[in-house]
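The values are calculated or read from the model by the stated rules, or taken from the named source; none is laboratory data. Everything numeric in this text was worked out from a predicted model, so none of it was measured. Here the Cβ positions follow ideal geometry from the backbone for every residue, glycine too, while neighbour counts run over all protein chains shown. Side chains included, ligands, DNA and RNA excluded: accessible areas come from the protein's heavy atoms. Shrake-Rupley method; radii C 1.70, N 1.55, O 1.52, S 1.80 Å.
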Amino acid sequence: MSEKIIQSSVVTVQIGVARADGKLSITDSDVTFVPFNQQLGLGPYRFSRHEIASVVQCFGKGGGIMPVTRDAIRITLSSEQVYEFIIAEPEQWVKALSETVS
């Protein structure tokens, strides 16, 4: 039986200059990103919410360097792996994901 999705949205994952559109979802225990085009090699990603060290609002960048939007979040895991997502209503996502950060 799969867990109930608490929140989900269409997002863009950004890793350096590479980007991929997909769906970001959170459940009580996990965060999942599934790209619409899995052939780009940017996902799918899945990690436990307990692995999250921090969640902050950040800039989405054009070409990986030029800030183009404030509607983005950066999730840093305890392993120091970092994920950045361009997303609508980033404040709500920061709040929802920060609830598990200790």
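Quick check: anything in segment 51-62 open to solvent by 40 Å² or more (accessible area, probe 1.4 Å), outside any strand (DSSP E or B) and not polar (S, T, N, Q)? Scanning segment 51-62, I find at least one residue that is open to solvent by 40 Å² or more (accessible area, probe 1.4 Å), outside any strand (DSSP E or B) and not polar (S, T, N, Q), so the answer is yes. Of the listed requirements (1) of a type in the set (S, T, N, Q); (2) open to solvent by 80 Å² or more (accessible area, probe 1.4 Å); (3) more than 23 Å from Ile5 (Cα to Cα); (4) modelled with pLDDT under 90, Gln81 misses just one: (4). Residues that are under 17 Å from Leu97 (Cβ atoms), surrounded by 14 or more Cβ atoms within 10 Å (Cβ to Cβ) and touching a residue at least 40 places away in the same chain (Cβ under 8 Å) within segment 15-50 comprise Leu24, Ile26, Val31, Phe33, Arg49, listed in sequence order.
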